[in-house]
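The values are calculated or read from the model by the stated rules, or taken from the named source; none is laboratory data. As the structure is a computational prediction, the values presented were derived from the model and not from experiment. Don't worry about glycine lacking a Cβ; one is built from the backbone with ideal geometry, like all the others, and counts go over all protein chains shown.
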Amino acid sequence: MTLVKKEVEGLLKRLGASACGNLAVHTPIDGSQIGSVSIASPADIESSIAASHDVFLEWRTVPAPRRGELVRLFGNALRDHKDSLARLVTIDCGKPLSEGLGEVQEMIDICDFAVGLSRQLHGLTIASERPGHRMMEQWHPLGPTLVISAFNFPVAVWAWNAALALVCGNSVIWKPSEKTPLTALAVQAIFEQAVRAFGDAPEHLSQVVQGGRDVGATLVADPRIALISATGSTAMGRTVGQVAAGRFARSILELGGNNAAIISDKADVALALRGVLFSAFGTTGQRCTSLRRLFVHDSLYDSFVPALKAAAASMPIGDPLDSAHLAGPLIDEAALTAMQAALEEAKALGGILSGGERLPGNGVYVRPAVVEMAAQVGPVLRETFAPILYVMRYTDLDAAIALQNAVGAGLSSSIFSTDVRECERFLSASGSDCGIANVNIGTSGAEIGGAFGGEKETGGGRESGSDAWKAYMRRATNTINYSNELPLAQGVTFDLG
Ligand code: NAD
């Protein structure tokens, strides 16, 4: 038995979960098997959906602040288990332990946010044009919420959705990535601790259904699922979005990104270099918000790009449980194949490559790749989920912004500049077309307080902070007549004589 497997068994035991079943789970740290989970059968899926539907009918009548109490207890249970869960996140998906801890902190933060929200799910009072009438809107629970998550944020994305869905009065079904199913088992065990502490929460409020895309597709197609929040590739979203639209289900799609940054000639260069390195190569380039395209002003290019290549080449890469390493492995061999194919294609188009080679040892560890491109062509136009940064020169800011926007995805973007006019142009209606536009920070590392999501082929969904909660509820507009008359709106008459 490997050391990692032993540790996983210990961690799961401490969290009150156990892993056995017919889907083998491997850690990207060294490729070894660390457990297995049970893939849901069609009968399992049916009973989960039926239970989710039944429990929703009960949960929607519980007052929202009381629902918030469950989420408060869950946040506290996460605090108690933060270190264990973070280690499991690192072992399951290979991100450095500090990022594993950050991911669990994000779960705790969204729980706090949702608890506050549980007393603020309010609508408007609207002035009626009719005498003796009052108009208002109310927000009501929507229904069973399906959360499909990707491997690279195996727990935080579920928490963004589940914390909000639960305070909004919905039940939750979670279909985690088949590449990182163990963390879902652990989170479910922690959630059940909160349920027990709550006392009278109905059973099956939040359930985990394990399996691959077939299991996900069965859940998406079921008319009892009112809201589908799906995080993953644009290819996945294209299928899920169409099925959801076909049955008029509501969907929140959080899909791929092809994020860019602009380094102006007025940038704070040292700060820009650090921002670029973390965004492009942190998490081994496996964030939806990872920086993939860099436009560097012509006057800086010949000093900035060599410094970037040198910093990338010296980045410590290895076992993500060792705090000396700033990046861990790719998730699997298929990710390496996709990375190598993109680099070959870029080279064939005249790209000058530095780095990108596989490092020796078990697990798929790679050196970050910097590719200088003369134009935005071929693989530069699409997301490759690996640490590749394509670098291009620019002279005119408007042209750089236009190039930044000239890709299918619209998730995250940033400008490094100390010139307020340039920054405001970038943030304006004719600037970045992305859901996230930053100034003097990189494209990755969002906080939970803002609404998270992107435009175009990123899917248009928003989750987490701001008013993203509205997607988890249905709005009812109510008009109340407290007069003895029946005036019609817009002065329409309908007199019986
Ligand atoms: P993926 O698309 O392969 O899988 C994501 C999830 O979707 C998995 O749970 C998978 O089983 C499920 N799935 C796939 N096809 C499905 C179908 N037809 N019906 C139902 N479910 C289906 O993505 P991945 O490799 O796990 O993650 C990487 C991708 O996710 C990248 O493109 C990344 O940009 C994106 N991502 C986006 C965000 C965001 O918030 N925008 C966040 C994280 C990851």
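If only residues of the range 385-422 that are charged (D, E, K, R) and assigned to a helix (DSSP H, G or I) are counted, the one that is farthest from VAL269 (Cα to Cα) is ASP398. Somewhere in the range 209-227, is a residue surrounded by fewer than 17 Cβ atoms within 10 Å (Cβ to Cβ) and on the phi > 0 side of the Ramachandran plot? No; the residues of the range 209-227 include none that is surrounded by fewer than 17 Cβ atoms within 10 Å (Cβ to Cβ) and on the phi > 0 side of the Ramachandran plot.
Hey, can you tell me all the residues within the range 423-454 that are over 20 Å from GLY102 (Cβ atoms), in contact (Cβ under 8 Å) with a residue 40 or more places away in the chain and assigned to a loop (DSSP other than H, G, I, E, B)?
The answer is CYS434, ASN440, GLY454.
Which of the following residues is under 19 Å from TRP469 (Cβ atoms), in the same structural domain as ALA217 (by TED's automatic domain parsing), basic (Lys, Arg) and out of contact with any Lys or Arg (no Cβ under 6 Å at 6 or more places or on another chain): ARG134, ARG87, ARG72? Only one candidate qualifies: ARG72. The criterion of being under 22 Å from the mean Cα position of the chain (by Cα) and within 20 Å of THR395 (Cα to Cα) holds for ARG293. The set of residues in the range 308-319 that are buried (at least 16 other Cβ atoms within 10 Å of the Cβ) and either outside any strand (DSSP E or B) or not assigned by TED's automatic domain parsing to the domain that holds LEU353 (or both) comprises LEU308, LYS309, ALA311, ALA312, MET315, GLY318, ASP319. Close contacts from the range 217-242, counting a first residue that is assigned by TED's automatic domain parsing to the domain that holds ALA163 and a second that is among the aromatic types (Phe, Trp, Tyr) and within 6 Å of the ligand (Cβ to nearest atom), with Cβ to Cβ under 9 Å and a gap of 6+ residues or different chains, come to THR231/PHE153; GLY232/PHE151; SER233/PHE385. Working only within the range 254-303, note down all residues that are crowded, with 24+ Cβ neighbours inside 10 Å, over 15 Å from VAL370 (Cβ atoms) and among the hydrophobic types (A, V, I, L, M, F, W, C). Answer for the range 254-303, where residues must be crowded, with 24+ Cβ neighbours inside 10 Å, over 15 Å from VAL370 (Cβ atoms) and among the hydrophobic types (A, V, I, L, M, F, W, C): LEU255, ILE262, ALA267, CYS288.
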